[in-house]
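Trainee: A single structure is presented below for examination.
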Amino acid sequence: MQIGCPKEIKPQEFRVGLTPNAAHEAVANGHSVLVETNAGAGSGFPDADYIAAGAEIAPNAKDVFASADMIVKVKEPQSGERKMLREGQVLFTYLHLAPDPEQTKDLLASGATCIAYETVTDDRGGLPLLAPMSEVAGRLAPQVGAWTLQKANGGRGVLMGGVPGVGPARVLVIGGGVVGTHAAKIAAGMGADVTVLDRSLPRLRYLDDVFGGSFKTSYASAGNTIELAQAADMIIGAVLIPGAAAPKLISRAQLAELKPGAALVDVAIDQGGCFETSKATTHQDPIYEVDGIMHYCVANMPGAVARTSTIALGNATMPFMLALADKGWRKACEDDPHLLNGLNVHAGKLTYSAVGKALGIDVITPEAALKG
């Protein structure tokens, strides 16, 4: 199989879909790899590294899309990229279709087979291709939130760890999954007073047992959430429903109840955001203000630390990428039901129910797609 890796074109996206190590593994397995020139530059991987791994370098994305049997990316294909997809081609990347009807429409029209990193599962109920970026985004969230809290940026002017005689910032983390756990660990390490909310009592027990000395836990009822939000200097939205649009946890009306200059960091923005007033921003222009509350809603947060993120993502995706290349997508998905859960679009049909529900589009089962 020929595997193609174009350069990411989303604003301020410096990650790359294939590391040189992944390219080397693919070539060692008998596949050919075509990488767009400078695709890895933002992550510190020059073209020479890919050539040394046995890959070929293409002068532009058009050549990559035209030649490759499978396209491996990081972010969802942008409008121009979607026009280059073709029937029978495999796309393996993050898609986040639920809040994105235009992308969904284009992918359906392309006839391509689209497998989304964020809905591939594992035998422990986890999301192994989302987890590495969730870890990165969770660890970044308190860092960018602390910057947003600075007065020059419109925030409350509160230092995360305080100083002797002055209390620390109060940080509320909504969601105790991978993002929330890593966000809480870092925020607590910065000296903040941290509380994690979740609706799963077993998860809260786990967090309390493992991290009880570092941060507090609480049950995420609607009343408890707004009560703790009112006292917070920073609120990190870390709630995820796999493949579906994120729930709205704080309404616009409730912003008036928050502390003026409080920082909202919406890590769920790729799935539509978990605050009603969230809208996607970029690393170039990351924050905005609504009703006196500062919002940080960068849609590709891990892109800020591109080298770390690319290597972490490459480690996770490589086995699945090789399975798709070695066996073809049908056999790979037949052999691995967790990879089959990643199938979102095939031959003009939507195959992921949560996306269909969010967008009002008819869905077929992934199993039906395998037979089609």
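Trainee: Can you tell which of ILE9, ILE51, ILE57 is in a helix (DSSP H, G or I) and more than 23 Å from TYR352 (Cβ to Cβ)? Spell out the reasoning first.
Mentor: Details: ILE9 fails: in a helix (DSSP H, G or I); ILE57 fails: in a helix (DSSP H, G or I).
When all the criteria are applied, what remains is ILE51.
Trainee: In addition: Considering only region 61-83, how many residues are basic (Lys, Arg) and assigned to a loop (DSSP other than H, G, I, E, B)?
Mentor: Going through region 61-83, the residues basic (Lys, Arg) turn out to be 62, 73, 75, 82-83.
Those still in the list that are assigned to a loop (DSSP other than H, G, I, E, B) too: 73, 75, 83.
Within region 61-83, residues that are basic (Lys, Arg) and assigned to a loop (DSSP other than H, G, I, E, B) number 3.
Trainee: What residue, of ASN21, ASN29, is closer than 19 Å to ILE115 by Cβ, among the polar types (S, T, N, Q) and either touching a Gly at 6+ places or on another chain (Cβ under 9 Å) or at pLDDT 95 or above (or both)?
Mentor: Checking each option against the conditions leaves just ASN29.
Trainee: Please find, among VAL136, VAL166, VAL171, VAL194, the residue that is under 20 Å from the mean Cα position of the chain (by Cα), among the aliphatic types (A, V, I, L, M) and more than 30 Å from GLY360 (Cβ to Cβ). Steps first, please.
Mentor: Numbers: VAL166 fails: under 20 Å from the mean Cα position of the chain (by Cα); VAL171 fails: under 20 Å from the mean Cα position of the chain (by Cα); VAL194 fails: under 20 Å from the mean Cα position of the chain (by Cα).
So the residue among VAL136, VAL166, VAL171, VAL194 that is under 20 Å from the mean Cα position of the chain (by Cα), among the aliphatic types (A, V, I, L, M) and more than 30 Å from GLY360 (Cβ to Cβ) is VAL136.
Trainee: Looking at region 335-363, which of its residues are without any contact (Cβ under 8 Å) to a residue 40 or more places away in the chain and either in a strand (DSSP E or B) or surrounded by 16 or more Cβ atoms within 10 Å (Cβ to Cβ) (or both)?
Mentor: ASP336, LEU340, THR351, GLY356, VAL363
Trainee: Let me ask something else. Any residue in region 273-296 that's free of Cβ contacts under 8 Å to residues at least 12 places away in the same chain: show its pairings with residues that are in a strand (DSSP E or B) and not polar (S, T, N, Q) at Cβ separation under 7 Å, as long as the two are six or more apart or on different chains.
Mentor: If the second residue must be in a strand (DSSP E or B) and not polar (S, T, N, Q), the pairs left are TYR288/HIS295.
Trainee: Here is a further query. Considering each of PRO247, PRO260 in turn, give the residue that is modelled with pLDDT of 95 or more and surrounded by fewer than 19 Cβ atoms within 10 Å (Cβ to Cβ). Steps first, please.
Mentor: On the way: PRO247 fails: modelled with pLDDT of 95 or more.
Just a single option satisfies the conditions, and that option is PRO260.
Trainee: Condition first: modelled with pLDDT under 95, part of a helix (DSSP H, G or I) and of a type outside the set (Asp, Glu). Can you find one or more residues in region 84-106 that meet it?
Mentor: Scanning region 84-106, I find no residue that is modelled with pLDDT under 95, part of a helix (DSSP H, G or I) and of a type outside the set (Asp, Glu), so the answer is no.
Trainee: Of all residues being more than 15 Å from the chain's Cα centre (by Cα) and among the hydrophobic types (A, V, I, L, M, F, W, C) in region 104-123, which is surrounded by the fewest Cβ atoms within 10 Å (Cβ to Cβ)? Just the residue, please.
Mentor: At the first step, the residues of region 104-123 found to be more than 15 Å from the chain's Cα centre (by Cα) are 104-114, 122-123.
Right, trim to among the hydrophobic types (A, V, I, L, M, F, W, C) and you get 107-109, 112, 114.
Details: LEU107: 25, LEU108: 18, ALA109: 12, ALA112: 25, CYS114: 28.
The extreme case among them is ALA109.
Trainee: Residue check: is GLU25 assigned to a loop (DSSP other than H, G, I, E, B), surrounded by fewer than 22 Cβ atoms within 10 Å (Cβ to Cβ) and of a type in the set (Asp, Glu)? Steps first, answer last, please.
Mentor: Numbers: assigned to a loop (DSSP other than H, G, I, E, B): no; surrounded by fewer than 22 Cβ atoms within 10 Å (Cβ to Cβ): yes; of a type in the set (Asp, Glu): yes.
Judged against the criteria, GLU25 is not a match.
Trainee: A further question follows. List every residue pair whose Cβ atoms lie under 8 Å apart, where the two residues are 6 or more positions apart in sequence or sit on different chains, the first residue falls within region 310-329 and is of a type in the set (Phe, Trp, Tyr), and the second residue, located anywhere, is in a helix (DSSP H, G or I).
Mentor: Listed by first residue and then by second, the contacts come to PHE320/ALA332; PHE320/LEU339.
Trainee: I'd like to verify a number: residues in region 136-185 that are more than 24 Å from THR282 (Cβ to Cβ), surrounded by fewer than 20 Cβ atoms within 10 Å (Cβ to Cβ) and hydrophobic (A, V, I, L, M, F, W, C), how many?
Mentor: 3
Trainee: Return the total of residues in region 312-334 being closer than 16 Å to VAL90 by Cα and either among the polar types (S, T, N, Q) or not in a helix (DSSP H, G or I) (or both).
Mentor: So the answer is 2.
Trainee: Suppose we filter region 291-311 for residues that are out of contact with any Lys or Arg (no Cβ under 6 Å at 6 or more places or on another chain) and part of a helix (DSSP H, G or I); how many remain?
Mentor: 7
Trainee: Pull up region 55-83, narrow it to residues that are of a type in the set (A, V, I, L, M) and either modelled with pLDDT under 95 or surrounded by fewer than 18 Cβ atoms within 10 Å (Cβ to Cβ) (or both), then point me to the one that is nearest to THR317 (Cα to Cα). Spell out how you get there, then give the answer.
Mentor: Our first condition is that a residue be of a type in the set (A, V, I, L, M); within region 55-83, this holds for 55, 57-58, 61, 64, 66, 68, 70-72, 74.
From the residues that got through so far, the ones that are either modelled with pLDDT under 95 or surrounded by fewer than 18 Cβ atoms within 10 Å (Cβ to Cβ) (or both) too are 57, 66.
Details: ILE57: 21, ALA66: 23 Å.
So, considering only residues that are of a type in the set (A, V, I, L, M) and either modelled with pLDDT under 95 or surrounded by fewer than 18 Cβ atoms within 10 Å (Cβ to Cβ) (or both), the one nearest to THR317 (Cα to Cα) is ILE57.
The values are calculated or read from the model by the stated rules, or taken from the named source; none is laboratory data. Please read these numbers as outputs of a predicted model, since none were measured by experiment. Cβ coordinates were reconstructed from backbone atoms using ideal geometry, including for glycine residues, and neighbour counts include every protein chain displayed.
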